[in-house]
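K.L.:
I'd like to ask some things about the structure below.
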Amino acid sequence: MFPKLVASDLDGTLLRPDATVSPRTAAAWSRLPEIGVESVVVTARPPRWLHALEAVVGDHGVAICANGAFVYDVPGRTVRQAHPIEHAQVLEIAEVLRGSFPGIGFMAELATGVHMEPDYPGADTEWLPEVGVEWLPDGSVRAPVEELDPNAVVGKLLARREVLDDERFVSAVSRVLGDRAVVAQSHHGGPAEISAPGVTKASGLQHWCDSLGIDATEVWAFGDMPNDLPMLRWAGTSYAMANGHPDVIAAADRLCDSNAEDGVARVLETLQPGSGGSAQADDARSRP
């Protein structure tokens, strides 16, 4: 089916390995409105890491970020909608995980900043070359998570024990928390990313599509990591990147070229205005 909306993850998907948008991808993405297709980026990035990518959010200026917790107006620098972790939940999660994982540290991504524990692994990092952004904004709070402002709007809570955590740790955090929260991982070696119950990329994308009157069957979605799985399973047509996590490649309907090879652009370039039919890049493989 010709899509009414295309949704894409950023890092490892729409962006190249150096966290930039290639000219080819920029052209394919910006062409979508011209052929009557809506677009939206759906990312694990917090709001502050989207400002340098304002050119890819489209005329509506909106990005679904923090794994579905925020709908963020990028040019306006404002959160339009939030699906936060309640303050009592944050404290309960921290208490439970401290009891199970000695040495664990926490960082809360807020609607308006960051609250990071002083001993959070990697807390002294200043620049993240893999995403091309400053790690912490001015005014970030460094204190135990138990001292978090009760009025803070927490999009997601990051938990880690080491500078690089493996998937076994993320899976263990998920088992310990059970239905208290959603636990995801957005990049290799990344922390456990904890969201409020029911909050995923899929829930954020569904809310956005509902506001536009677009059904899941009319959506194409692209992703590369386990945090993309809910979105890929929800969308009518899902694409995994060739550089993606094995679980994502196994779950998606189709496989496209890697982000280093402009895989998303190669698929979108096959869409022709007024075709109204199915479109699939020659270099994208359909699932049997």
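K.L.:
Please report, as a whole percent, how much of the solvent-accessible surface of the chain comes from carbon and sulfur atoms (probe radius 1.4 Å).
P.N.:
So the carbon and sulfur contribution to the accessible surface is 50 percent.
K.L.:
Follow-up question, since we're still on this one. Nearest 5 percent is fine: what portion of the DSSP beta bridges confined to the chain is antiparallel?
P.N.:
So the antiparallel bridges amount to about 60 percent of the total.
K.L.:
What's log10 of I(q)/I(0) for the stretch 1-41 at q = 0.19, 0.27 Å⁻¹, Debye sum over Cα points only, no solvent?
P.N.:
The Debye formula, applied to the Cα set alone, gives -0.57, -0.96.
K.L.:
Same structure, new question: When the chain is modelled as a GNM with alpha-carbon springs shorter than 10 Å, which of 32, 91, 268 fluctuates the most?
P.N.:
Largest GNM mean-square fluctuation: 91.
K.L.:
Helix-only estimate, please: 222 nm mean residue ellipticity of the chain, summing -39500 (n - 2.57) across DSSP H runs of length 4 or more and dividing by its residues, to the nearest 500.
P.N.:
-6000 deg cm²/dmol
K.L.:
Taking the simple approach of a point 7 Å from Cα along Cα-to-Cβ for both residue 180 and residue 217, what is their distance in nm?
P.N.:
4.1
K.L.:
Okay, next question. Applying 1/(1 + (r/R0)^6) with R0 = 45 Å to the Cβ-Cβ distance of residue 146 and residue 26, what FRET efficiency is obtained, to the nearest 0.05?
P.N.:
Result of the calculation: an efficiency of 0.55.
K.L.:
Got a sec? Charge dipole of the chain, +1 on Cβ for Lys and Arg, -1 for Asp and Glu; which of 186, 50, 121 is way out at the positive end?
P.N.:
186
K.L.:
For the chain, what D do you get in µm² per second when you plug the Kirkwood radius from alpha-carbon pairs into Stokes-Einstein at 20 °C and 1.002 mPa s?
P.N.:
The estimated diffusion coefficient comes to 112 µm²/s.
K.L.:
Shifting gears a bit: Express as a percent, rounded to the nearest 5, the fraction of DSSP beta bridges in the stretch 152-276 (both residues included) that run antiparallel.
P.N.:
45
K.L.:
Let me ask something additional. Taking the Cα atoms of the stretch 45-92, report the difference between the largest and smallest coordinate on each principal axis, in whole Å and largest first.
P.N.:
Projected onto its principal axes, the Cα set of the stretch 45-92 covers 39, 16, 15 Å.
K.L.:
Where both partners of a DSSP beta bridge lie in the stretch 1-124, what percent of those bridges are antiparallel, to the nearest 5?
P.N.:
65
K.L.:
If you don't mind, there's one more thing I want to ask. Could you point to the residue in 267, 196, 64 farthest towards the positive end of the chain's charge dipole, with +1 and -1 charges on the Cβ of Lys/Arg and Asp/Glu respectively?
P.N.:
Positive-end residue among those listed: 267.
K.L.:
Tell me, how many Å apart are the Cα centres for the stretch 52-74 and for the stretch 218-272?
P.N.:
19
K.L.:
Further question on the same structure: If ligands, DNA and RNA are left out, what is the accessible area of residue 18 with a 1.4 Å probe, given in Å² to the nearest 10?
P.N.:
The accessible area of residue 18 comes to roughly 90 Å².
K.L.:
Okay, moving on. Within the stretch 231-268, what residues put their amide N at less than 17 Å from the label point 7 Å along the Cα-to-Cβ vector of residue 18?
P.N.:
259-263
K.L.:
A further question follows. State to the nearest 20 debye the size of the charge dipole of the stretch 1-45 about its Cα centre, where the only charges are +1 on K and R beta carbons and -1 on D and E beta carbons.
P.N.:
Rounded to the nearest 20 debye, it is 80 debye.
K.L.:
Okay, moving on. Can you tell me the accessible area per residue over the chain, all protein chains present, probe 1.4 angstrom, in square angstrom?
P.N.:
Per residue, the chain has 42 Å² of solvent-accessible surface.
K.L.:
Computed over the Cα atoms of the stretch 224-268, what is the convex hull's projected area averaged over all directions, in nm²?
P.N.:
Taking the Cα atoms of the stretch 224-268, their convex hull projects to 2.7 nm² on average.
The values are calculated or read from the model by the stated rules, or taken from the named source; none is laboratory data. This one's a predicted model, so the numbers in the text were calculated from it and none came from an experiment. Every residue, glycine among them, receives a Cβ derived from its backbone with ideal geometry; neighbour counts consider all protein chains shown. The protein model used for the area step is the full one, side chains on, heavy atoms only, and it has no ligands, DNA or RNA in it. Shrake-Rupley method; radii C 1.70, N 1.55, O 1.52, S 1.80 Å.
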